[in-house]
Every structure is written in C-alpha cells, then in structure tokens.
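The values are calculated or read from the model by the stated rules, or taken from the named source; none is laboratory data. Source: prediction; values computed, not measured. Neighbour counts run over all protein chains shown; Cβ positions are idealised from the backbone, glycine included. Note: accessible area is taken over every heavy atom of the protein model, side chains too, but ligands, DNA and RNA are not part of it. Shrake-Rupley method; radii C 1.70, N 1.55, O 1.52, S 1.80 Å.
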Amino acid sequence: MASTPHPNLDSIGWEELKMKKSNIKNILIIAVLAVLLHLVYFVQISESNAYLGYLPLKLDGISLIFSALMIGGVAFIVPAKVERPSDFFLLFYGVIVLLSCAVFSRVTATVNQSGAIILFVMLLIPALVVKKFHIFKFKLKIIGCFNANVLYYGLAAVIALAGLVAATRGINTGFDWSSMYERRLEGRAKIGQENFIAYLLSMAVNGFAPFLGYVGALRHKILLLICSILFAVFSFWLEGSKAPFLMTLIFILMGAMTRRNKLQRLPIVISCGIIFICLLALGEYAIFGFSDIAETFVRRAFVVQGVLQSYFYNLITNYDLSSFLFGLDKSYGSVTFYVGSKYLGNSETNANTNAFLYSFANSGIFAYVGAILFVGLFFSILDNFFYSFKRQDVFFVAAVYALLITEQAYTTAMVSSGVAMLTFIVWLMRSERQASRKLMTVSR
C-alpha cells in the first residue's frame, strides 16, 4: 500500500511555503520602493534642494552592496501582514524610519558610508527589540466600567472645546497654502507650547481626532467621522497643519479595513500607496518638468527623514564623553532647535527625528537604551491587551504611537499627543463580552 502523507506534516509544509513566498514578496516590494524613491530623488529632489546641500547619491559597487543589505534589513523588519498591535510599529517604523535611513542618510556630506551603516544599526536595534518582546505573554485585567459611546462622544466634546479656545487666540487664520508656515509660527507664539490649551490642542490634533476617525469607520458612526474630518480642516485653517489630513485619512482607512476584516493587508496597501505616489511624481515631472508631489510627499516623508537622521548622528558622534553619556548641554536648549540652528541655519526650525535618536542626542546613550526598553514594553503590553480582550480600539493606540514616535520623543507622543490618555480610555471601555453579560444578568 502506498503511504499517505500525514495531514499535519502537509499543513506545516504548506504554511512554511506560504511564509517563504510572503517573505520573498516582501523583499521585492521593499526593493521596488527603494528604487522608486531613489529615482524620484535623482530626477528632481537632488537638484531642487541642492541649495540645502543635497547631493546625488553614489551608485558605486560598494554603496550598492551596503544599500542592498540595509534594504534587506528593512524587509526583515516590515511585517508581511498585521496580526498584533506591535506589527504597526514594525510597519511604520520600518517603512518611514529604516527605509529613509537606508536610501537617504547619505544625501548630504554629513555621513559617509560607514557612518550610514552604524546609523542604520542604531535604528535597527529598537525594531529588533520590539520584534522579540511580543513573545512575552501575560494576562491583563480590564476595568471596563464605561460605555464606549460615552467615551467616544466625550472625546468629541473635548476636541470641540480645544478648537474653540484655540480659535480665540487671535491667529491670522485661512486656507492660503503659501502662508501656512507663517500661520504655524504665529500659532506657536500665540497659543504657546507649555500650557493647558497647547497640550489639549496637541492631544486633539495628534490623538483624539484621528481616533474618532478610526472609530467612526470601524463602528460606522458617521457623526464621529464628520467630527474627525472637520477637525483636520480646522487644523489647517488655524495653524496650516497638513499632517492631520494624512493622519485622518490613514486611520479612517484603517477603521474601514478593520471593519471588513482586511487589516492584515495594511502593509501591502501602504506599500502600494507609496509606489503609486512615486509613479505620480515621476509622471508629473515627465509632463510638467517639475513635481509638486515629489516635494510635498516624497521629500517631506522620506528625504527629510533620512537627512535629519544624519544630522542627529553627526551631532552624537561629535559629542565628548559627558555628552555621549548624558546628552546635549542643556544650556543650548532643546536639541531639535539646536539641530535646526546648527545644520539648517534657522534657530526657529524644530528639527524633529525619531524617538530613539532624539533620546540619544538629547539625554545620552542611557536614555537611548531606556527609550528602546520603554517602547518594547509598551507594545508588548498592547499585544497582551489584544490577546486578552480582542478590543480592536487598541489597534489605533498602537498605530498612532508607532507613527508619532517616527518624529517625536516617546514621552512627548505618550503624554502631549494623548497616547497615554487614549490607552487609559480604551482600558476603561466596557467590552462587548462584558456588556452582554450585564444584559443577561439584568434580564434574569
């Protein structure tokens, strides 16, 4: 008699084959992204931003080999599909921070090839820690003492209050695209940066409003969707902020995908979106000889990210022992404005970078290690929260924190941008299981 393959062995072999195909596909997609980003930079951005010191990228054999290795590292980090909250960090951090470093960290003369490799390793370590921390399993208890709708509409009221108070500060508002940077500086001056209204507005812009967009799409609550979109429009009108538009669109998309059980496909959707933007930029350049898409999206999201990483790395590697251990001399003020003044020639430029380089430059190597451990632990807690209660709202918390720390200190994103508050709110929400149990108890 012919032997019949064991069904379990067949299924294991099939899963391994699917995993290998998925990994190969992931590598190819990341490689295509890198090539297209490089091409957009080559045809326009390097020339249009030459006054900032942007140089053509070298394409010699050694550079190509090391670039290929770094891009392979990005492909290893970026998940092929989203399965747990920590995957959002690996996705956004990998695509925004690591890919920008691999492609654009050497576009100025600030960092050489060996420096770019060391910088990439410094940025890779946090991703590896988060990737490993999810293996720790522990049980969490949920409070679940509030109806979710009460908290959702309570946040909408807070957003309305923040907008109303900020609008009375006498800022020259409007929708003029050319004056948005002036409005932003004026808003920063008139609202302030370290007062209750400034914190409330920051939480509303970066956390609460996008959360309502996600929830509105997920729970099919049209009023919350409208509130989120209107606040994004309001933010541009008030301070010329473009980021809320992008944040709102991303999280509405995420909410809709979660509702349809398609969230696992988010990595391919984001990758295809970036590919589409690059192709649009190249098409616009071919037709008009200049691409606003390249300057607005590709340069801002990727090239500037890589350039600022190189500036922070250059600052760190030129520290004396005391600064290396404990960070920038605090008499210079905030390290982001110091970098803006030293490398960009403008003391009013707030040159933000990812949370880990910021911690290293601002407070030294111990703070860098502390940032890695904190972020790894936080995403591990979110993973276990999801395993325990299956609350889909936690996906937003993970995704927004992952996005914010690509350009903010981890403490700023946690407190000033409202992530800690949102985490607590999600913890307070009564789960559907709790609600059904309460209903059964009442009916009895």
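Structure data summary
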| quantity | calculated |
| --- | --- |
| Residue ID - surrounded by the fewest Cβ atoms within 10 Å (Cβ to Cβ), chosen from residues in region 235-289 that are charged (D, E, K, R) and at pLDDT 90 or above | Arg260 |
| Of all residues making up region 317-361, the number that are of a type in the set (A, V, I, L, M), open to solvent by less than 60 Å² (accessible area, probe 1.4 Å) and either more than 20 Å from Val97 (Cβ to Cβ) or more than 25 Å from the chain's Cα centre (by Cα) (or both) | 2 |
| Val375 vs. criteria within 26 Å of Asn147 (Cα to Cα), in a helix (DSSP H, G or I) and open to solvent by less than 10 Å² (accessible area, probe 1.4 Å) | no |
| Residue match in region 108-126 (condition: within 30 Å of Leu212 (Cβ to Cβ), open to solvent by less than 40 Å² (accessible area, probe 1.4 Å) and touching a Leu at 6+ places or on another chain (Cβ under 7 Å)) | no |
| First in region 399-421 and free of Cβ contacts under 8 Å to residues at least 12 places away in the same chain, second anywhere and among the hydrophobic types (A, V, I, L, M, F, W, C), Cβ under 7 Å, 6 or more apart | Ala420/Met414 |
| Ala209 vs. criteria touching a helix residue (DSSP H, G or I) at 6+ places or on another chain (Cβ under 6 Å) and either surrounded by fewer than 19 Cβ atoms within 10 Å (Cβ to Cβ) or over 20 Å from Ser86 (Cα atoms) (or both) | yes |
| Filter pass, Arg300 being at pLDDT below 95, under 16 Å from the mean Cα position of the chain (by Cα) and in a helix (DSSP H, G or I) | yes |
| Residue in region 151-159 that is at pLDDT 80 or above and closer than 30 Å to Ile316 by Cβ present | no |
| Residue check for Leu253: among the aliphatic types (A, V, I, L, M) and in contact (Cβ under 8 Å) with a residue 60 or more places away in the chain | no |
